[in-house]
Amino acid sequence: PSLCDMRSRATCNIKRDAKLILVGSCRGKSDEDRVSKLQELARNLGISDSVEFVLNQPFPVLKDYFSKASIGIHTMWNEHFGIGVVEMMAAGLITIAHNSGGPKSDIITPFGGERRKTGYLASSEEEYAKAMYEALDGLSVVESLSVRRSAQESSKQFSDEVFTASFKSLIMPILK
């Protein structure tokens with residue numbers, strides 16, 4: 001209902017040919033069942049032409065989708081870290097993630113001295129719909145670029161290079 005409400009409120013700034021692309025992996029039967037239910041829901045809502053499911057693809061394929069996307073949505077509750085969230089931010093997507101776990105405590109947090117916005121956190125259907133609407137239609141071009149750039153800059157704190165340097169700085173005094 002909330003996504004349908006968002007779609008009905010959308011102004012001409014949101015392209016009517018916009019597409020929801022669900023990208024992820026199916027780890028087993030329960031995931032496959034969930035995808036089937038989502039596909040059925042899209043058909044029942046009359047939006048199946050606007051929804052695509054991309055499953056179990058290698059990382060280069062995911063990167064290609066990220067390069068063409070506007071926003072990224074991550075819905076897992078209490079994700080312990082959220083590397084997928086970091087990957088979307090690094091790709092410059094306006095990212096919306098569940099308001100729990102790693103995304104809440106470590107990833108989608110204000111960044112830099114100016115405490116710049118790096119994305120959105122949501123818990124309910126309504127909050128996700130509101131965040132999607134704002135990300136797609138509620139930001140000026142300047143605001144959108146600011147969130148994207150801040151997210152990209154923030155994502156660098158989770159790089160292999162930063163991890164290696166931090167690890168060395170902690171372990172080297174012990175080894176001496």
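When the range 16-71 is filtered for residues that are under 16 Å from the mean Cα position of the chain (by Cα) and either polar (S, T, N, Q) or assigned to a loop (DSSP other than H, G, I, E, B) (or both), the ones remaining, listed by number, are K19, S25, S67, A69, S70. Only one entry in A135, A90, A131 is surrounded by 19 or more Cβ atoms within 10 Å (Cβ to Cβ) and without any contact (Cβ under 8 Å) to a residue 60 or more places away in the chain, namely A131. A search for C-beta distances below 9 Å between a residue of the range 48-64 that is at negative phi and any residue that is open to solvent by 50 Å² or more (accessible area, probe 1.4 Å) and among the aromatic types (F, W, Y), counting only pairs 6+ apart in sequence or on different chains, returns V54/Y65; Q57/Y65.
A97 satisfies every condition listed in (1) in a loop (DSSP other than H, G, I, E, B); (2) under 13 Å from the mean Cα position of the chain (by Cα) except (1). Here the condition is being basic (K, R), touching a helix residue (DSSP H, G or I) at 6+ places or on another chain (Cβ under 6 Å) and either open to solvent by 60 Å² or more (accessible area, probe 1.4 Å) or modelled with pLDDT under 95 (or both); of K156, K117, it holds for K117 alone.
The values are calculated or read from the model by the stated rules, or taken from the named source; none is laboratory data. Everything numeric in this text was worked out from a predicted model, so none of it was measured. Every residue, glycine as well, gets a Cβ built from its backbone with ideal geometry; the counts of neighbours run over all protein chains shown. Accessible surface areas use protein heavy atoms only, side chains included; no ligands, DNA or RNA. Shrake-Rupley method; radii C 1.70, N 1.55, O 1.52, S 1.80 Å.
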